[in-house]
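Below: the structure, in structure tokens.
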Amino acid sequence: MSWTARVLVAATLLSAAAAASPNSTSPHPGHLLAQLSQWREDYLSEAASQAGTGSVRRNTVLAWILAFLAASASSAGGVGGGSLFLPILNLVAGLSLKRATSYSSFMVTGGAVSNVLYNLLCTRGLIDYDIALLFQPCLLLGVSLGVVCNVVFPEWLITALFSLFLAFCTAKTCRAGVKIWRTETVAARHDHKVPLLLGGGLPLPGQVGGEGSINGGSSAGDCPRFPVKDVTVLLVVWLSFFLLHVFIGDKHGKGVIKIKPCGIAYWLVTIFQVPFAVAFTAYIVYAKRNKQGRHDDEDGKEANSFVTKTETLPPLALPLAAFVTGSLSGLFGIGGGLLLNPVLLQIGIPPQTAAATSSFMVLFCASMSMVQFVLLGMKGIGEAVVYAGICFVASLTGVILIARAVKKSGRVSMIVFLVTAIMALSTVIVTCFGALDVWTQYIGGAYMGFKLPC
């Protein structure tokens with residue numbers, strides 16, 4: 001049965017349920033949820049039985065098309081897209097939620113690689129490595145804490161918190177987009193040729209992420225050098241946290257090195273992440289201050305408006321924001337791009353820089369999850385690589401299209417509104433299917449309280 005036919009069957013079931021209710025004009029919500037839950041289980045069971053036939057099903061082709069569209073929109077807004085990929089893989093492709101999660105990490109990584117390569121080779125200067133350096137250690141530490149909370153918190157609480165948080169961020173991001181739109185409208189009336197950003201004028205190559213980086217940079221207007229030292233530090237941070245996670249393994253003790261789950265060694269390695277993140281962050285802040293001080297003493301040049309905007313923040317503002325973002329990402333089980341971009345916009349980062357920097361950081365988070373899935377023996381790597389390749393091409397397409405649209409219209413607020421639309425759609429998806437899962441647990445008599453981490 002095709003996907004279209006299944007949708008019609010689901011609609012028929014809902015219509016029949018509505019007609020069968022003589023005392024009200026609408027069916028009981030519990031009955032609707034039960035019907036949808038049963039349809040979802042039957043569909044996933046049938047898809048699993050056809051998975052080993054070797055032929056490409058029409059549902060898979062439809063999933064490829066939807067993944068392409070989702071990756072294009074997500075990449076253009078600097079959002080990973082995991083919240084859109086999971087429903088596509090689960091409901092359209094018919095994959096189990098566990099396999100869909102592993103495939104999603106491949107897809108987000110593929111899209112992030114494409115986005116970062118485009119920003120490095122074509123835009124040169126939009127990625128702010130200072131923000132990435134200050135965010136990364138505490139972001140990864142927060143993810144570890146969030147994962148523990150994900151195990152402890154009940155499903156209904158996670159769904160409610162995620163829905164409320166996404167709704168709040170959607171409203172805040174939309175207001176920021178309206179503010180930028182009005183600023184651009186005023187600038188257009190005064191014949192400004194350059195799109196206005198939240199923090200000032202459009203940054204030129206070399207003005208963003210170069211002056212204050214640990215590795216230094218070129219002067220404004222010159223082609224910025226690739227910050228080798230900054231990226232090296234990021235890779236060291238990534239590798240360090242990756243090794244710690246590999247040592248810990250999963251909740252069943254499955255890892256490269258066998259450590260008893262929730263034993264003394266397990267918790268020692270877990271707690272060791274805290275001084276690790278603090279030490280890296282302290283080094284990055286110290287190196288950044290020294291480098292900025294030398295620049296000020298040598299040439300006394302006035303910093304551009306964007307650098308001034310970030311440097312007026314308290315020293316621990318970015319690390320704390322990263323820790324909270326990482327904690328929420330781990331708690332809600334997403335890659336972080338959906339939360340990173342709104343956080344960067346709220347602290348005053350220009351939309352284009354926020355999108356590029358968010359994609360850069362998502363690459364580190366998603367790739368860590370992807371490699372962990374591979375090392376832990378995930379199945380279907382070949383199919384996951386196909387999805388990743390689709391997202392790679394789609395992300396490149398989306399970034400190029402949004403760049404041309406911004407250049408033609410002179411309005412970077414389109415990026416903010418695109419992020420808002422993705423977040424709104426994610427809110428609806430998470431709320432609906434989260435409620436469906438909670439209802440399934442409720443009618444099945446499952447325990448719905450807090451649990452121990454082990």
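Here is how the numbers come out for the structure above:
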{"quantity": "Projected label distance in nm at residue 160 and residue 240, using a 7 Å step from Cα toward the beta-carbon", "calculated": "3.9"}
{"quantity": "Of 291/408; 258/379; 179/408, pairs whose Cα-Cα distance is over 27 Å", "calculated": "291/408"}
{"quantity": "Trypsin sites (Lys or Arg not before Pro) lying in DSSP loop within the stretch 71-161, provided at most 12 other Cβ fall within 10 Å", "calculated": "none"}
{"quantity": "Protection proxy ranking of 437-443, 113-119 - average other beta-carbon atoms within 10 Å, highest first", "calculated": "113-119, 437-443"}
{"quantity": "Segments 358-368, 227-237 sorted - mean Cβ within 10 Å per residue, highest first", "calculated": "358-368, 227-237"}
{"quantity": "Nitroxide proxy distance, nm - points 7 Å out along Cα→Cβ at residue 286 and residue 441", "calculated": "4.4"}
{"quantity": "Distance-filtered residues of the stretch 262-285 - backbone nitrogen under 20 Å, label point 7 angstrom along residue 452 Cα→Cβ", "calculated": "262-271"}
{"quantity": "Average accessible surface area per residue within the stretch 91-133, 1.4 Å rolling probe, Å²", "calculated": "31"}
{"quantity": "Qualifying trypsin sites (Lys or Arg not before Pro) for the stretch 352-454 [loop in DSSP, other Cβ within 10 Å: at most 13]", "calculated": "379, 451"}
{"quantity": "For peptides 86-95, 145-154, 266-275, sequence by mean Cβ density within 10 Å, most packed first", "calculated": "86-95, 145-154, 266-275"}
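The values are calculated or read from the model by the stated rules, or taken from the named source; none is laboratory data. Quick caveat: nothing in here was measured; it's all calculated off a predicted structure. All Cβ positions, glycine included, derive from the backbone under ideal geometry; neighbour counts span all protein chains shown. What goes into the accessible areas is simple: the full protein's heavy atoms, side chains included, and nothing from ligands, DNA or RNA. Shrake-Rupley method; radii C 1.70, N 1.55, O 1.52, S 1.80 Å.
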